[in-house]
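Chemist: The following block contains the structure, expressed as structure tokens.
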Amino acid sequence: MTGTSVSSTQIAPPETPPPTAKAPLRARARRYRWLYLLLLPGVLYFLIFRYLPMFGLVIAFQDYLPFLGISGSPWVGFQHFEELFSSPDFPRIMGNTLFLAALNILIVFPAPIIVALMLNELRVQVVKRSIQSLIYIPHFLSWTIVASLTYLLFALDIGAVTSFVNDLTGGNVAFLTDPDWFRPLIILQSLWKATGWGTIIYLAALTSVDPNLYEAAKLDGANRWQQMWHVTLPAIASTVVVMAILSMGNFLDTGFEQIYLMINSLNRPVAEVFDTYVYSLGIEQGSFSYSTAVGMFKAVIGVALVFGSNWIARRFGQRGLF
């Protein structure tokens, strides 16, 4: 009888606890107030220096006159954009900008990846850290110092490199004024200044690679090169893709300060880019509306490249940015 009563008794399943309600915004703000406080300076920076200035883009569609202000200046629609695309300077400036941008993508962008992979293969930590410290230093030098060093090395009369090359070849090479040497000098400057600092992100990504993958590759007979190609590179592929997408947003930004310090009357035909063109028109000549239209054109191209490269990355199975 007891067995019957026990067997006939149905054991009720445990009740599922009700889902926890999301804490109200005020409670979460009070709980994480110090995190929000740390976030506040960054938010204010972007609001004040990034988003609020966007209101000034309206002068690209106006004949802006400073004494009339934005509200009083007459509207001209897309007149400045039509002038830009029909200008005889547009093909030359667009070509110069695209050429330098392509060189930056093909040469400067992969350089930190290659250096990071080389540093990752070093097993003597003292040597590795010493090299890292040395290649980080150029990042903290301003472009003015970099340009000054370039002038000291490549000046026609006193440049050490120029004197050595001219004595060796018996020629009279003028690196700083020859248009053919302008782009190589710009790329060399960018490599020297940016490569070391760019390795930080990739070295951080390399620390997340599982050492067991290398052990498995060794058991399969893979040498160091094969380990790097089949283990290391796939492990940091997502980081490389994200950095490539971000770089697409600055594709047409070739660096105003660097170009402006290296440009002169003799190399201007190949050195003039959108950044220096905007400065020349907007600051030196006072064509604020026209220069704003040029800057807006660059921004639209950058946004399109970011969305396009993100779409391509997702099509190839990568995560992308969004």
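Chemist: Of all residues in segment 160-182, count the ones that are of a type in the set (Val, Ile, Thr) and in contact (Cβ under 8 Å) with a residue 12 or more places away in the chain.
Modeler: Start the filter on segment 160-182 by keeping residues that are of a type in the set (Val, Ile, Thr), which leaves 161-162, 165, 169, 173, 177.
Applying the additional criterion that residues be in contact (Cβ under 8 Å) with a residue 12 or more places away in the chain yields 161-162, 177.
Count: 3.
Chemist: I'm trying to understand the selection: among the residues of segment 145-160, which are over 15 Å from Glu257 (Cβ atoms) and open to solvent by less than 30 Å² (accessible area, probe 1.4 Å)?
Modeler: Ala155, Gly159 - these are the residues of segment 145-160 that are over 15 Å from Glu257 (Cβ atoms) and open to solvent by less than 30 Å² (accessible area, probe 1.4 Å).
Chemist: Only one of these is assigned to a helix (DSSP H, G or I), free of Cβ contacts under 8 Å to residues at least 40 places away in the same chain and not acidic (Asp, Glu): Ser291, Ser238. Name it. Before the answer, list the steps.
Modeler: Working: Ser238 fails: free of Cβ contacts under 8 Å to residues at least 40 places away in the same chain.
Being assigned to a helix (DSSP H, G or I), free of Cβ contacts under 8 Å to residues at least 40 places away in the same chain and not acidic (Asp, Glu) holds for just one of Ser291, Ser238, which is Ser291.
Chemist: Another question, then. Residues to consider are Leu122, Leu106; find the one that is open to solvent by 50 Å² or more (accessible area, probe 1.4 Å), more than 21 Å from Met243 (Cβ to Cβ) and not acidic (Asp, Glu). Full working, then the answer.
Modeler: On the way: Leu106 fails: more than 21 Å from Met243 (Cβ to Cβ).
Answer to the check: Leu122.
Chemist: Surrounded by 12 or more Cβ atoms within 10 Å (Cβ to Cβ), closer than 18 Å to Met118 by Cα and either modelled with pLDDT under 85 or among the β-branched types (Val, Ile, Thr) (or both): is that true of Ile201 in this structure?
Modeler: Answer is yes for this residue.
Chemist: Shifting gears a bit: What's the number of the condition Arg92 fails, among (1) open to solvent by 80 Å² or more (accessible area, probe 1.4 Å); (2) without any contact (Cβ under 8 Å) to a residue 24 or more places away in the chain; (3) in the same structural domain as Met228 (by TED's automatic domain parsing); (4) of a type in the set (D, E, K, R)?
Modeler: Only one criterion is unmet by Arg92, namely (2).
Chemist: Output the number of residues of segment 241-265 satisfying the condition of being more than 20 Å from the chain's Cα centre (by Cα), surrounded by 14 or more Cβ atoms within 10 Å (Cβ to Cβ) and not in a helix (DSSP H, G or I). Walk me through how you get there before you give the answer.
Modeler: If we filter segment 241-265 for residues that are more than 20 Å from the chain's Cα centre (by Cα), which is where we start, we get 261-265.
From what's left, surrounded by 14 or more Cβ atoms within 10 Å (Cβ to Cβ): 261-263.
This time we only want the ones that are not in a helix (DSSP H, G or I), so: 263.
The number of residues fulfilling the criteria is 1.
Chemist: Let me ask something else. Among Pro138, Pro91, Pro112, which is within 22 Å of Val270 (Cα to Cα) and part of a helix (DSSP H, G or I)?
Modeler: Answer to the check: Pro91.
Chemist: Just to be sure I understand, how many residues within segment 75-88 are part of a helix (DSSP H, G or I) and open to solvent by 60 Å² or more (accessible area, probe 1.4 Å)?
Modeler: Number of matching residues: 5.
Chemist: Next question. Within segment 106-113, is there a residue that is farther than 30 Å from Ser287 by Cβ, assigned by TED's automatic domain parsing to the domain that holds Val241, aliphatic (A, V, I, L, M) and out of contact with any helix residue (DSSP H, G or I) (no Cβ under 6 Å at 6 or more places or on another chain)?
Modeler: yes
Chemist: Same structure, new question: Taking segment 219-240 on its own, how many of its residues are open to solvent by less than 70 Å² (accessible area, probe 1.4 Å) and among the charged types (D, E, K, R)?
Modeler: Number satisfying all stated conditions: 0.
Chemist: To continue, here is another question. Does Phe46 qualify as being assigned to a helix (DSSP H, G or I), within 27 Å of Glu272 (Cβ to Cβ) and open to solvent by 90 Å² or more (accessible area, probe 1.4 Å)?
Modeler: Considered against the rule, which asks whether it is assigned to a helix (DSSP H, G or I), within 27 Å of Glu272 (Cβ to Cβ) and open to solvent by 90 Å² or more (accessible area, probe 1.4 Å), Phe46 comes out as no.
Chemist: Can Pro211 be described as open to solvent by 50 Å² or more (accessible area, probe 1.4 Å) and either within 25 Å of Ala111 (Cα to Cα) or without any contact (Cβ under 8 Å) to a residue 60 or more places away in the chain (or both)?
Modeler: Criteria met by Pro211.
The values are calculated or read from the model by the stated rules, or taken from the named source; none is laboratory data. Quantities reported herein were computed from a predicted structural model and do not represent experimental measurements. Every residue, glycine among them, receives a Cβ derived from its backbone with ideal geometry; neighbour counts consider all protein chains shown. Ligands, DNA and RNA are excluded from the accessible area calculation, which covers all protein heavy atoms including side chains. Shrake-Rupley method; radii C 1.70, N 1.55, O 1.52, S 1.80 Å.
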